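Please read the structure below before turning to the comments.
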Amino acid sequence: MSEKVLRFPVEYFDGGWKKGEAVVDKTSLSFAGVRIPFKDIQDLEKVQYEGKNAIRIKKDNKNYYISFGKTQDQIFRYLAFNLKSDRFAVYFLSPATRGGVVVKDSKWDKGYLCITDEALWFLSSSKQIRISVDSLGSVEKDLRTVGKKQRVVLVITHVENGEVITSFVLCPETTLEMLQNYIQNIIDTYKPKDKLSEVEEQILTMVYTGVDSVGVESILGISTEELNKLYDKLVDMGLARVVKIRKEIELTPRGVALVNDIMKKAAVR
Amino acid sequence: MPKVLIVDDTAFMRKLLRNILFSGGFDIVGEAENGKQAVELYKQLKPDVVTMDIVMPEMNGIEALKEIKKMDPQAKVVMCTAVGQEQMVKTAIKLGAKGYIVKPFQAPKVIEELKKVAGMS
């Protein structure tokens with residue numbers, strides 16, 4: 001990407017996918033009469049959109065979807081590195097754990113931790129990891145062995161596809177302190193204002209773990225009605241969403257008669 | 001069906017693990033709420049795998065692991081840790097723990113890890 005101007009055949013979404021050309025120079029990306037200076041990009045993300053692998057670029061609160069085909073990864077890396085952000089040189093390990101289990105092939109990378117209004121990024125030549133700020137869970141310091149030495153690192157958790165992912169950041173301690181405060185402030189703005197009861201916390205934990213509603217009721221010893229009320233509260237607080245409404249049925253007299261028949265048949269066998 | 005002993009000081013976590021492991025095809029032979037009970041139950045039940053919480057009253061998970069390993073060097077113990085307990089996990093691994101899971105965990109991952117440790121995968 002060291003050339004002054006690069007041209008790529010692309011497809012962009014404008015009511016449907018349309019073929020065109022994108023031009024990337026040192027400061028901006030242009031396509032179909034739209035010019036997006038890198039400094040104006042609010043957010044950037046690899047997405048699957050209307051049947052295509054594309055890059056979502058947000059500018060002036062409007063999303064543009066462009067599919068770069070074979071050069072997509074290269075362009076994405078270039079745009080990510082040119083995002084307007086607060087940028088800190090760090091070593092990072094991301095993901096370190098996924099769903100509570102260590103990611104064995106993950107390695108420390110030298111690069112940047114970048115913070116934009118909408119996301120936190122881990123950037124290196126091989127990785128461009130975007131973590132949406134509303135998916136951040138916690139940030140804290142911890143001691144880890146890095147390069148055979150005990151070092152203080154920042155442990156950042158976030159949620160991706162319903163799983164908690166942890167990432168580690170290593171940098172000078174003063175920067176670490178500042179980063180922790182910075183990220184903690186972001187997390188606090190997304191935290192629910194009301195405190196959860198113990199039961200509500202337990203329900204959240206169980207739903208995360210994958211326990212179904214029947215399991216939740218059985219573990220907590222509560223009725224479906226009680227659980228529904230608690231679910232409603234979690235949904236109202238923005239901590240959960242309804243994906244399925246469970247049906248409860250009781251048998252009609254015909255159903256009961258049929259069960260009797262089934263039992264009789266079983267007894268004869 | 002591998003026999004599992006669940007060790008955790010919170011009743012909720014024990015119930016949760018019981019639910020997950022039962023659905024994963026494990027036979028939950030016992031539950032202990034501290035390290036001391038875990039050692040006693042291990043002696044009696046000889047489980048194939050133990051899930052061991054680290055921070056517990058009376059005797060913590062590390063001490064319990066040591067005792068169990070003294071009794072049975074082949075014991076398969078999986079530590080259950082929270083984020084920020086890496087040092088303890090390292091100690092546990094040195095002492096012979098076969099693996100660890102980090103809370104909050106997801107059922108499929110827990111089952112996968114325990115099956116691996118139990119030699120089922």
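The values are calculated or read from the model by the stated rules, or taken from the named source; none is laboratory data. The shown structure was predicted, so the numbers you read here are calculated from the model rather than taken from an experiment. As a convention, Cβ positions derive from the backbone with ideal geometry for all residues, glycine included, and neighbour counts pool all protein chains shown. The accessibility values were calculated without ligands, DNA or RNA, using every heavy atom of the protein model including side chains. Shrake-Rupley method; radii C 1.70, N 1.55, O 1.52, S 1.80 Å.
At a glance:
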| quantity | calculated |
| --- | --- |
| Qualifying lysines (Cα of each under 16 Å from Cα of A:Lys18; at least 8 residues distant if same chain) | A:Lys52 |
| Kyte-Doolittle at least -1.0, axis length at least 24 Å by Cα - qualifying DSSP helices, chain A | A:173-190 |
| Å³ per residue enclosed by the Cα convex hull of chain A | 241 |
| Label-point separation in nm, A:Lys26 to B:Ala82, each point 7 Å along Cα→Cβ | 5.2 |
| For B:104-116, mean number of other protein chain Cβ atoms within 10 Å | 5 |
| Shielding by partners, peptide A:209-219 (average Cβ within 10 angstrom, other chains) | 4 |
| Chain A: antiparallel DSSP beta bridges as a percent of all, rounded to 5 | 100 |
| Gain on full stretching of the segment that runs from A:Lys39 to A:Val102 - 0.36 nm per residue minus C-alpha separation | 19.0 nm |
| Ordering of A:192-205, B:92-105 by packing [mean C-beta count within 10 Å, highest first] | B:92-105, A:192-205 |
| Averaged over A:143-156, number of beta-carbon atoms from partner chains that fall within 10 Å | 1 |
| Separation of alpha-carbon centers, segment A:10-60 and segment A:175-237, rounded to whole Å | 37 |
| Among the listed pairs A:Lys107/B:Lys115; A:Lys84/B:Lys103; B:Lys3/B:Lys109; A:Lys193/A:Lys244, those beyond 30 Å (Cα-Cα) | A:Lys84/B:Lys103 |
| R0 of 51 Å, Cβ-Cβ distance A:Lys46-A:Asp261: FRET efficiency to nearest 0.05 | 0.35 |
| Pairwise label distance in nanometres, B:Glu40 with A:Lys110, each label 7 Å out on the Cα-Cβ vector | 5.6 |
| Solvent-accessible area lost in complex, 40 Å² minimum, residues of segment B:1-20 relative to chain alone, 1.4 Å | B:Phe12, B:Lys15, B:Leu16, B:Asn19 |
| Using a Förster distance of 25 Å, the FRET efficiency for A:Glu118-A:Tyr78 (Cβ separation, nearest 0.05) | 0.85 |
| Inter-part distance where segment B:1-18 and segment A:128-163 are each reduced to a Cα centre, Å | 28 |
